[in-house]
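Here is the structure we will look at.
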Amino acid sequence: HRDVEAVGLSKIDLLGIRALTVLAEAEHLVQRHYDPGFRQATIPPDDRRTADLLACAETIGVFQCESEGARRTLRQLRARTVRDLAVANAFFKPGPAMGGMAATFVRRYRGEEPVAYLHPSLAPILGNTHGVLLFQEQILRVARDIAGLTWEQADRLRRGMSHFGHQEMAELQAYFVAGCRRPPPEGPGLTAQQAETLWDQVLAFAGYGFNQGHATAYAEVSYRTAYMKTHWPAAFLCARLAERGGFHHPAVYMAEAGRLGLSVRPPHVNRSRRRFSLSWEGEQGILWMGLGQVRDLRLASIQAILEERRVKPFADLRDLVGRVALHSKEMTHLVQCGALDGLGTSRAAILAEADEIRQAGSGLQMTVDLARPRVTPEPAAQRLAWERQLLGQPVSVH
């Protein structure tokens, strides 16, 4: 990329973010389960309930707002809008903190301290951020409008100290300070002390700032995800879990679903799709883990289960293996993870039946032995161990 810049060409970074896929999937689920006419474009920018969620930092699953530090920043700034989120995005980066203005900015943003400027000439540049350097664009404007640097010098300063040698940095500092001290109308007329202070602030911030356009675009995605979580938590968390990846381990999102009154269930041959899916039992939202999350279960087996299920639900294990060609390990794993819960008295009993089927070859002509001894149900600890091994985390056991 340095060669591209050296010959004067523009370099554009194109970012792919999973949050956009989560939003699209959540939108689809909302249309299917709640409101067929819903569109993301209709999300209002001033929704009170979404604002309350942001201000309280109840943002597990919300794009760019999930870490403890990010949530602490939302609470500090009492964020409620897209603009607040853009500011929080930038404020959470090291630049403002390294510039020594973090606490000052929080007080000013909350209206607890009046805005003050090192020099009146900085007001047009820092007015929107309460007198504090926050965005990369402000570094460029300070370097150009206040210090009189060239665009090339300003852009290199924006990137940080690592782009200069010691001698070059000393020369740039002298040029910066002299430019700030230029008397009006050629310059702003800062005192020597003000110019040195401004240099220290810019130097601490440079290389760590956030681009305002980038921060605002991300903030729009953050706000939309917060809106979806606020109004349709079942659809949103189902979409979040279906994508597998995220800032947190899936177990965290599953715990958040439980906190919000949703039920998370293990994969099931009669209820689950390949990925996480949403269904209802009365008013209770149910998030079903996908069959694709069962260890060692082949895609061909998943597709066969889904196709056969469209004909009629599976009655029991014998019905399943009679209609779907499962490997022995697949059959065992489906039973152990809970994918046949309710189709037998216990997972242990269904496993015993699986052993009989294996011993009898195909098992399709076997008759039920009414004298078969009763199998002791597996303890909760055993279900926990099976689910942790086969699904990555326990689901049916707290």
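For the range 124-156, the candidate set comprises residues that are aliphatic (A, V, I, L, M) and within 31 Å of the chain's Cα centre (by Cα); within that set, the residue that is surrounded by the most Cβ atoms within 10 Å (Cβ to Cβ) is L134. Pick from L306, L299: which is surrounded by fewer than 22 Cβ atoms within 10 Å (Cβ to Cβ) and under 28 Å from the mean Cα position of the chain (by Cα)? One residue alone meets the criteria, L299. Summed over the range 80-94, residues that are open to solvent by 50 Å² or more (accessible area, probe 1.4 Å) and touching a Ser or Thr at 6+ places or on another chain (Cβ under 7 Å) total 1. Per the conditions (1) in a helix (DSSP H, G or I); (2) at pLDDT 95 or above; (3) farther than 30 Å from H249 by Cα; (4) open to solvent by 50 Å² or more (accessible area, probe 1.4 Å), the sole criterion not satisfied by Q382 is (3). Of everything listed in (1) open to solvent by 40 Å² or more (accessible area, probe 1.4 Å); (2) in contact with a strand residue (DSSP E or B) (Cβ under 6 Å, 6 or more places away or on another chain); (3) not charged (D, E, K, R), the single unmet condition for A257 is (1).
Residues in the range 7-18 that are open to solvent by less than 90 Å² (accessible area, probe 1.4 Å) and either over 23 Å from Y218 (Cβ atoms) or modelled with pLDDT of 95 or more (or both): G8 alone.
Just so you know, in the range 221-249 the residues that are within 10 Å of F63 (Cβ to Cβ) and surrounded by fewer than 22 Cβ atoms within 10 Å (Cβ to Cβ) include one that is farthest from the chain's Cα centre (by Cα), and it is V221. When restricted to residues that are open to solvent by 70 Å² or more (accessible area, probe 1.4 Å) and not acidic (D, E), the range 34-50 contains 8. Scanning the range 51-69 for residues that are open to solvent by less than 10 Å² (accessible area, probe 1.4 Å) and either within 9 Å of the chain's Cα centre (by Cα) or under 21 Å from M254 (Cβ atoms) (or both) yields A57, T59, G61, V62, C65.
Out of the residues in the range 100-117 meeting the condition of being touching a helix residue (DSSP H, G or I) at 6+ places or on another chain (Cβ under 9 Å) and within 16 Å of A204 (Cα to Cα), tell me which one is surrounded by the fewest Cβ atoms within 10 Å (Cβ to Cβ). Taking the candidates together, the pick is G100.
Whether any residue in the range 288-296 is more than 20 Å from A239 (Cβ to Cβ) and surrounded by 15 or more Cβ atoms within 10 Å (Cβ to Cβ) is what I want to check. Yes, that holds for at least one residue.
The values are calculated or read from the model by the stated rules, or taken from the named source; none is laboratory data. Source: prediction; values computed, not measured. Don't worry about glycine lacking a Cβ; one is built from the backbone with ideal geometry, like all the others, and counts go over all protein chains shown. Calculation scope for accessible area: heavy atoms of the full protein, side chains included, ligands and nucleic acids excluded. Shrake-Rupley method; radii C 1.70, N 1.55, O 1.52, S 1.80 Å.
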